[in-house]
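Undergrad: One structure, as C-alpha cells, below. Some questions next.
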Amino acid sequence: MNLAILYRGPLSSCNYGCSYCPFAKHQETAAEHAHDEAALQRFVEWSAQQTQLQLSIFFTPWGEALIRRRYQRAIVELANMAHVQKVAIQTNLSARLDWAEDCPKQRLGLWATYHPTQTPRDRFLARCHEAIERGIPISVGVVGMHEHQAEIVALRELLPKQIYLWVNAYKREVGYYSPEEIAQLTAIDPLFPINNTRHPSAGRACATGESVISVDGDGTMRRCHFVREPIGNIYNPAWQTALQQRVCDNATCGCHIGYIHMPHLGLQQVFGQGMLERIPQIPLEALG
C-alpha cells in the first residue's frame with residue numbers, strides 16, 4: 001500500500017518575514033523547540049515501524065524547517081529507510097544542503113520558494129544551482145504578486161530550462177490579475193490557470209483520506225490541511241481503519257497541495273512520482 005503523508009509539526013518560526021505569508025511568525029522559546037523536536041522524532045520513529053507501507057513524506061511546515069538541524073537529520077533518516085519512497089520539503093532554500101550527501105538523492109525532493117523581498121536573486125539562484133549540482137530533484141516557484149512580475153521573468157530566464165518554475169496565484173483579491181498578466185504568467189507556468197482557480201470540490205472524489213493524509217505533531221490525522229475534521233491518529237494501533245474513499249466536504253479547493261489529489265483534474269498524470277515536490281514528469285512544453 002502506498003501512503004503519502006503531509007507532516008506539519010508545531011514549528012511556527014521562519015527566518016523570513018514576507019508580508020503576504022499566512023504562516024505564523026514568532027520567536028520560539030527553547031521549550032517550544034524541544035516540543036517540536038520531540039514530536040518530529042516520534043513521527044520518524046513511527047515511520048520506521050511502518051514497513052508494510054510504501055511511504056512518501058512531505059514536510060509542509062508553518063515556517064522554515066530546513067534551517068533546523070533536527071529536520072535535516074530527520075530527512076536523512078527517513079530517506080534511508082527502505083520502505084520510504086520519497087521525502088520532500090517546502091523551503092525557502094536558505095539552509096545548507098550538505099546533509100543531502102547522506103541520502104539517496106532520488107528519494108529527495110525540494111519545493112523551493114523564492115521570496116524577492118527577503119533574499120537577493122543571485123543568492124537564491126546559487127542555492128538552486130547547488131541543489132541541481134548535488135543531484136537533488138527541485139522545483140522552484142514564486143508567489144505571483146504584482147511587484148514580483150519582473151523577478152519571475154528574470155528567474156525563468158536564469159534557471160535551467162528543465163527546472164519547472166511554478167507561480168502561486170495570489171487569490172485573496174478577486175480579479176487580482178489583468179488578462180495580460182494572466183497571459184504572461186501562463187507563458188512561464190502553463191499550469192498557472194489551474195492554480196489561479198478555486199476549484200468546485202464539494203462532493204468530488206479526492207485521494208485525501210485514503211492514500212494521502214495530513215498529520216500534525218500530536219499524530220492527529222486529517223484528510224488534508226484544508227479539511228479540519230480529524231479522522232484518527234497515527235499513534236492509535238487501529239489508525240489504518242480510517243483510510244477510506246471520501247468525497248470533499250469543502251465548497252472549493254484553491255491550493256496546489258489540495259486540488260492535485262482530485263482525480264478529475266488529471267494532475268496525477270502530469271506530476272506522477274514528482275507530485276509531492278511539484279516536479280512534472282512530462283516535458284514542460286507539453287503543459288501548454
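The values are calculated or read from the model by the stated rules, or taken from the named source; none is laboratory data. As the structure is a computational prediction, the values presented were derived from the model and not from experiment. In this analysis, Cβ positions are derived from the backbone assuming ideal geometry, glycine residues included, and neighbour counts consider all displayed protein chains. Ligands, DNA and RNA are excluded from the accessible area calculation, which covers all protein heavy atoms including side chains. Shrake-Rupley method; radii C 1.70, N 1.55, O 1.52, S 1.80 Å.
Undergrad: If I compute solvent accessible area with a 1.4 Å probe over the protein chains, what percent of it on the chain is carbon and sulfur?
TA: 52
Undergrad: Shifting gears a bit: So what does residue 29 come to for accessible area, using a 1.4 Å probe and Å² rounded to 10?
TA: 70
Undergrad: By how many nm would the segment from residue 42 to residue 236 lengthen if fully extended, with 0.36 nm per residue of separation less the alpha-carbon distance? Intermediate values should be presented prior to the final figure.
TA: Numbers: separation 194, 0.36 × 194 = 69.84 nm, distance 1.32 nm.
My answer for the length gained is 68.5 nm.
Undergrad: Where only protein heavy atoms count, and the probe is 1.4 Å, what is the accessible area per residue for the chain in Å²?
TA: 44
Undergrad: Right, another one. Modelled label-to-label distance, residue 171 and residue 281, 7 Å Cα→beta-carbon offset: nm?
TA: 2.5
Undergrad: How high is the relative contact order of the stretch 138-237? Use alpha-carbon pairs under 8 Å, at least six apart in sequence, and give a whole percent.
TA: The value is 17 percent.
Undergrad: Another one. From the square roots a ≥ b ≥ c of the eigenvalues of the alpha-carbon gyration tensor of the stretch 122-207, which class results: rounded (a/c under 1.5), prolate (a/b over b/c), or oblate?
TA: Here the stretch 122-207 falls in the oblate category.
Undergrad: Could you calculate the FRET efficiency of residue 183 with residue 26 from 1/(1 + (r/R0)^6), where r is the beta carbon distance between them and R0 is 35 Å, rounded to 0.05?
TA: About 0.30, to the nearest 0.05.
Undergrad: How big is the accessible area of residue 261 in square angstrom, nearest 10, if you roll a 1.4 angstrom probe over the protein chains?
TA: Surface accessible to solvent at residue 261 totals approximately 20 Å².
Undergrad: Show that you can apply the helix-only estimate: for the chain, add -39,500 (n - 2.57) for every DSSP H stretch of four or more residues, divide by all residues, and state [θ] at 222 nm to the nearest 500.
TA: Working: 8 runs with 77 residues, N = 288.
It lands at -7500 deg cm²/dmol.
Undergrad: In whole Å, largest first, what are the principal axis extents of the Cα atoms in the chain?
TA: Ordered largest first, the chain gives principal extents of 54, 44, 36 Å.
Undergrad: Could you identify which residue out of 111, 46, 166 has the top mean-square fluctuation in a GNM of the chain using Cα springs shorter than 10 Å?
TA: Of 111, 46, 166, the most mobile in the Gaussian network model is 46.
Undergrad: Give the relative contact order (percent, whole number) for the chain; include only Cα pairs under 8 Å separated by 6+ residues. Kindly include the intermediate steps, with their values, before the conclusion.
TA: Numbers: 496 pairs, mean separation 49.1, N = 288.
Relative contact order of the chain: 17 percent.
Undergrad: Okay, next question. Under the definition of Cα pairs under 8 Å and six or more residues apart, what whole-number percent is the relative contact order of the stretch 72-135? Working shown, then result.
TA: Working: 59 pairs, mean separation 22.5, N = 64.
With pairs under 8 Å counted, the relative contact order is 35 percent.
Undergrad: For the chain, compute the number of Lys pairs whose alpha carbons are separated by less than 29 Å, excluding pairs fewer than 8 positions apart on the same chain.
TA: Taking the chain as the scope, the lysine pair count is 6.
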